1. If residue A:372 satisfies every condition in (1) more than 14 Å from every other protein chain (Cβ to nearest Cβ); (2) under 22 Å from residue A:161 (Cβ atoms); (3) surrounded by fewer than 23 Cβ atoms within 10 Å (Cβ to Cβ) but one, which is the exception?
2. Being surrounded by 20 or more Cβ atoms within 10 Å (Cβ to Cβ), more than 10 Å from chain B (Cβ to nearest Cβ) and of a type outside the set (Gly, Ala, Ser) is the filter here, so list the residues in region A:255-277 that pass it.
3. Quick one: is residue B:252 surrounded by fewer than 18 Cβ atoms within 10 Å (Cβ to Cβ), at pLDDT below 80 and under 30 Å from residue B:79 (Cβ atoms)?
4. Within region A:342-369, can you find the residues that are among the hydrophobic types (A, V, I, L, M, F, W, C) and away from chain B (no Cβ under 11 Å)?
5. Give region B:267-313 a look and list any residue that's part of a helix (DSSP H, G or I), within 14 Å of the chain's Cα centre (by Cα) and surrounded by fewer than 21 Cβ atoms within 10 Å (Cβ to Cβ), or say none.
6. Got a sec? Which of A:330, A:339 is more than 9 Å from every other protein chain (Cβ to nearest Cβ) and at pLDDT 90 or above?
7. For region A:64-79, which positions are open to solvent by 70 Å² or more (accessible area, probe 1.4 Å) and closer than 20 Å to residue A:324 by Cα?
Amino acid sequence: MSRRHILQERVHVVAFMVIALLAAISLLSQRNADWYSGDDFYSLQVVWYIIGGVIFVLASLIDLRIVERLSPVFFAFCILGLVLTAFFGTEVNNSQRWLRVFGMNFQFSELTKLGVVLILARWFHMRKERAPGAAAIHEGAYRIRDLLQPIALCLVPFLLILTQPDLGTSLVIVLVAVTVTLYEGLDRRTLVMVALSGLVLVPVAWETGGIKEYQKDRVRLWVNPDWFKFDADTGVVAKGRHLQSEQAVWAIGSGKFWGRGSRDGTQSRLKYLPEMHTDMILATYAEEQGFVGCTVLLFLFWFLVFWGLRTAHDARDRFCALVAVGAIAIVGWQVFINIGMVAGLLPIVGLPLPFLSYGGSATVMLMGCLGLLLNVALHRGRL
Amino acid sequence: MSALHRSELAHQRRRFAVTLTLFTALFVALEARFFYLQILHGEDFRERARISAISSERIPPRRGLIRDRNGELLATNAASFGVELTPHYVSRPEQRDVVLESLQVLLPLSDARRAELNEKIEEALANRKAWEPILVARHLVSDTSPEHGGPLKPIDKPLATLYCPVDNVAYLPIDAKASNCPTDRGDGVTTREPLVWDDESRRFATCERSGRRFTTGLTCPGGQVELIPNLKNLRDAKTGEVYSNQVAAIRARLHEMPGVQIRTDFRRYYPNHYEAAHLLGYMNRVTADERERWRGMYALNDVIGRTGVEQALEHPLRGEAGRALHVRDAKGHRSESQVIEELAGGQAFERAVAGQDVWLTIDIKLQEEVRKAFRYYKSGAAIVITPDTGEVLALYSKPGFDSNIWSGRLTKEEWDNTTSNPYTPLINKAVTPYAPGSVYKIVTSAAALTDGIATPETTIDCPGHYDFGGRRFHCHNRSGHGPVNLTAALKLSCDVYYYRIGEMLGMDRLAEFGRRFGFGQPTGLPTRERTGRVPTRTWHAEHTSLGWQPGFTLSTSIGQGSLTASPAQVARSFAALLNGGDLVRLRIVDRLVDEEGRVTMNERREVSGTLDVSHEHMDLIRVGLDEVVNDPDGTGFDLQVTDFSMSGKTGTAEAAQVRAGASESLARWLTEDHAWFTAYAPSHDPQVIIVVFVEHGGSGSKHAGPIAKRITLAAEKLGYLAGADGPEAPGDDDDPYGLEETR
């Protein structure tokens, strides 16, 4: 028992080291990207990691029961932030994602990811603990009509973010919510029905304008890399996006096995990679560090996911388990979508890569998630 | 532990496994993608990234210069300017408007051209060609004329013009009260020519002589569009045309026009314009076929030599293009050299190899004298050669064309004028065969002497005609020359003498000697030439409608009939006679010199055959030729010179033609004979041979002779008659490559 116990403790130490290592990779990548572009994102990112570190420690120490109790407040705070953003937000690149508070720009959609996780975890927890006859709902047997409440809860932030518009983040929110729900368990028939309705909904959304034209263009480009569009009004060719993804793919491929080496990425140096510090940072990283670096990075992320799911498995109660699953789902899905998009597997949607991409709100939120995860891990089994 | 709790544990384990499997599968997919991109196709993508970042710029080679024997430049390279616009920088319509607006004012551009450019830019943007520059205008005016490349002079008081982009006309401002045309100088002085006003409103007027348009207002006809002021500050001294310095104007405002750049190329410039047009040829745009044939040698807008030396020596003159690699970043800026070397593998620059300079045997001063000698004649040709080495000192054909215009902005009008000119300016008549007439009699003489048909003593009585085969052949002197021997026959150009010996020689023997003298064969000049015809019995049998007739021999023996020869061939036949029997190859190119001044090719005397005529016989013919000019009875006695001795042979060839649709004067010209004269001097030791051919010029002695005499005098003045041991042969000093040694 004790040996196993030590091993388990060791996992958490390793996980902590992995987090530190990823943060280090992040800072290194920012520094290199700065070198190419002549900006200074590195210093700011250091600041975000310091703030993130404080949040991480706080989140790992706080009593999770308080967290559970405050979940609705936090969720409401997120929604308020999103509503305010919708009215008073700053518009960048045709998208209203930022709210200026005390001279700083906040991206409430980042925080909302965590908010959704917390509110869902609390809802399922309450349901299990307080439902009259907990046995009435068997494990893995939620039906749609049982879930109307959480669906409604998630729909609010989802729509608010979708209309910013920020397809990537709203997609992550859906995926995280679905992951948490599936983890909790669905009735088999319901599962089939949900899958089917998804298949129906996508074409409907495509046809009715639920998916915006520029988003469609990205999908078209993804399906056919040679596709391009000429806008007669503005004379602009909608191939910038295309080139962006193509250049990123070339950059990744250019890395080959060992990579070109730090600060020797020619694609990056010639600035063929837009959004080099944020969404596209993986292209720069992959060009510099090659297949080896990418594999290491993927393994580190995978280890985090493994650790998160293990933590969930060993969690002391429902709330803790679902917070752990939700937190790690945020990381896992963002990693998959971001890398998939940069590497040309998925259409281009704006979404940062956890750790590596520059971003204050995202970094702080990420560290908060991981802090909670560690919190759950450290207090596993203890009530 | 309850059953429920146990099932819950199992459930817990299962969802852990399922979720982990899901994420692991997703990550494996990503890893597989990395493997695909970086391991399987890494090299490919690295190459693609490299290619997309690198643009290769072709560095055109400098074309070789063409010089005459004294180093005088006959063809050189002048800078030519164009404006290009890279669509990428004007992808937004408002940017485009600003840039096109500026160009419209500066160049200026017509509205139609502007719309066309706008369309081209949009098309390029739509077709992913945003980085390929579009040519806005070529042959811009800088300080040289865009028409012929000659220098332009600044005007003290610039002429303000008003350009209307709608009708593409530059108007000159004028006072509404004006009634006479102003001068071009813009000094307010008027000429006597009346100004023609368009209508009563007195807004627009025309000056009929110059075709210049004037306006009193500031708007285009119609009153809608404003006129664009344009200052003309350069004048072409040759044509009087005024220009504005477009290159300077654009250069000054380049910073306001993103994407606009000035492109500099070379264009060919011939300082002498008309002087040696046939000899030098001209240049124009390479065709798609030619680019296909010489794959990789020519770029899209390259020029290639047409006719003359430019064509014959296209390859050495051309040189080899170089290459410069540029790495462009995403914004189109050139990147630092380090990246270039990394991406290009060290081969960032490959220098162009300049074309070789060609030194000709021509003396442009003599060439100029030849042109002046032809002043009173419409059409003809002359060639001056040295008999021993076959060097061509002058080669002239009239009428000519301006090589600069044909190499540059050739207008349809100019093309039509040149190609429809009845005197065929594009044909190099010095290498085009015509009936040679009596200058051919040296061939008949040599044949008769060699075959023993005639001896120096043989005399034939000339009654003025010769009856043969039921037909009467006339002598040019209808009253007859009386008894003549060979030298007298040459001196008097007695046809009857040659009818007789020609008949005895027979057609084929005569043809055989014709070929020995180089007729019917190329002279070796590098320019395209037509070889003419030496008819034989077989030829006549095949090509004449009535078949072979014995009378043809008689015509041929006096250089008529179906026989044709070019002035160059005639010159070469005389050279063979005068240099002791060697049929030398005519040459116009002396040597090729590469960039570093090394001689890469040095043409030497080449002999393609011998006459096989004994020296006594050749000397006898020379006595006859001497008497042509120096005996009071000679046909060319009027041409005798005093300071040195000159000999020669006249020729008057019947060449009456009828051309459909010819004007009266043209028809009259066509009925005239071809006039020939071949001169050489000094008689005892000939240093130059001059062949003059005047197309439909009439009598050889009256029309071709004086031209030849004038050229001979000019050659004497230039020192060409001094001979090998003479005091000052020009070219000696400038010609250290053994020309004189070969003599």
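The values are calculated or read from the model by the stated rules, or taken from the named source; none is laboratory data. Computed from a predicted model, the values in this text were never measured in an experiment. Heads up, the Cβs are rebuilt from the backbone with ideal geometry, glycines too, and the neighbour counts pull from every protein chain shown. The area values use the complete protein model at the heavy-atom level, side chains included, leaving out ligands, DNA and RNA. Shrake-Rupley method; radii C 1.70, N 1.55, O 1.52, S 1.80 Å.
1. (3)
2. Of everything in region A:255-277, those that are surrounded by 20 or more Cβ atoms within 10 Å (Cβ to Cβ), more than 10 Å from chain B (Cβ to nearest Cβ) and of a type outside the set (Gly, Ala, Ser) turn out to be A:276, A:277.
3. Working: surrounded by fewer than 18 Cβ atoms within 10 Å (Cβ to Cβ): yes; at pLDDT below 80: yes; under 30 Å from residue B:79 (Cβ atoms): yes.
Criteria met by residue B:252.
4. Taking region A:342-369 first, the residues among the hydrophobic types (A, V, I, L, M, F, W, C) are A:342-343, A:345-346, A:348-349, A:351, A:353, A:355-356, A:362, A:364-367, A:369.
Matches in region A:342-369: A:348, A:349, A:351, A:353, A:355, A:356, A:362, A:364, A:365, A:366, A:367, A:369.
5. Of region B:267-313, the ones part of a helix (DSSP H, G or I) are B:277-280, B:288-293, B:308-312.
Among the residues that remain, those that are also within 14 Å of the chain's Cα centre (by Cα) are: B:277-280, B:308-312.
Scanning region B:267-313 gives B:311, B:312.
6. Unique residue meeting the criteria: A:330.
7. Taking region A:64-79 and keeping what is open to solvent by 70 Å² or more (accessible area, probe 1.4 Å), we get A:65-66, A:69-70, A:73, A:77.
If the condition is that a residue be open to solvent by 70 Å² or more (accessible area, probe 1.4 Å) and closer than 20 Å to residue A:324 by Cα, then A:65, A:66, A:69, A:70, A:73 are the ones that fit.
Every residue, every condition in (1) open to solvent by 20 Å² or more (accessible area, probe 1.4 Å); (2) hydroxyl-bearing (Ser, Thr, Tyr), yes or no:
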| site | (1), (2) |
| --- | --- |
| B:495 | no, no |
| B:521 | yes, no |
| B:542 | yes, no |
| B:557 | no, yes |
| B:561 | yes, no |
| B:569 | no, no |
| B:572 | no, no |
